[in-house]
Amino acid sequence: MRILAFSDIHGAYAKTEEILDRESAYDIILICGDVTTRGTPEEAKNAVAQIRTHGKPVFVVSGNMDSPEIDTAFINSGCCINAQGIILNDIGFFGVSAAPFSRLRTPYEISEDEIFLRAKSGWHDVQSARRKVFVPQCTAIRHKTRSIDKWNACRQYSNQNIY
């Protein structure tokens, strides 16, 4: 399976369309967060709807510059893999939206414990798949021993039979 992945689109929808029109050898589209920059759920939903017109499965997580309401719009459109997984052709896709709390105070930040719980929940949905693809929105620096332990446990889930 060939994956075309986007991250940090930040409203560059014309550029995204240009890439989608140029590329042809892919089976699935992953959107790894930040479709917008403090945009509305309607804007994000329309952007993903346009991407879906290319006739390929689309799985998405929201980014820290999106919002929880955008996540809800993605859930309602059936393409969100935040805290859940979807198996396609024996490959499991699962993800985590948002980013850890930071000094940046971006629109969608959650605790590291919540990140771990969401990853674990998605893993359980795809654990029977032959291969797994973990789609986190963020890679964060861990400061506390407890957080490092939880993050390592999360990585242990995702490192088993992963692309």
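The values are calculated or read from the model by the stated rules, or taken from the named source; none is laboratory data. In this text, all values refer to a predicted model and were calculated from it rather than measured experimentally. FYI the Cβ positions are ideal-geometry reconstructions off the backbone, even for glycines, and counts take in every protein chain you see.
Points worth noting:
- Hits in segment 35-52 (condition: in a loop (DSSP other than H, G, I, E, B) and not hydrophobic (A, V, I, L, M, F, W, C)): THR36, THR37, ARG38, GLY39, THR40
- Among residues that are among the hydrophobic types (A, V, I, L, M, F, W, C) and on the phi > 0 side of the Ramachandran plot, ALA119 is not included.
- Any hit, segment 26-34, residues being more than 21 Å from PHE116 (Cβ to Cβ), in a helix (DSSP H, G or I) and within 15 Å of the chain's Cα centre (by Cα): no
- Qualifying positions in segment 98-142 - aliphatic (A, V, I, L, M) and under 20 Å from VAL60 (Cα atoms): ALA98, ALA99, ILE110, ILE115, LEU117, ALA119, VAL126, ALA129, VAL133, VAL135, ALA140
- Candidates in segment 79-107 are the residues that are under 13 Å from the mean Cα position of the chain (by Cα) and assigned to a loop (DSSP other than H, G, I, E, B); of these, the one that is nearest to ASN46 (Cα to Cα) is CYS79.
- Answer residue from segment 115-143, given it is over 13 Å from VAL96 (Cα atoms) and basic (Lys, Arg) and is modelled with the lowest pLDDT among those: ARG142
- Apart from one condition, CYS32 fits all of (1) surrounded by fewer than 16 Cβ atoms within 10 Å (Cβ to Cβ); (2) touching a residue at least 60 places away in the same chain (Cβ under 8 Å); the exception is (1).
- All positions within segment 57-78 that are assigned to a loop (DSSP other than H, G, I, E, B), closer than 19 Å to ILE28 by Cα and not hydroxyl-bearing (Ser, Thr, Tyr): PRO57, GLY78
- Residues within segment 109-122 that are surrounded by fewer than 22 Cβ atoms within 10 Å (Cβ to Cβ) and either part of a helix (DSSP H, G or I) or touching a residue at least 40 places away in the same chain (Cβ under 8 Å) (or both), tallied: 8
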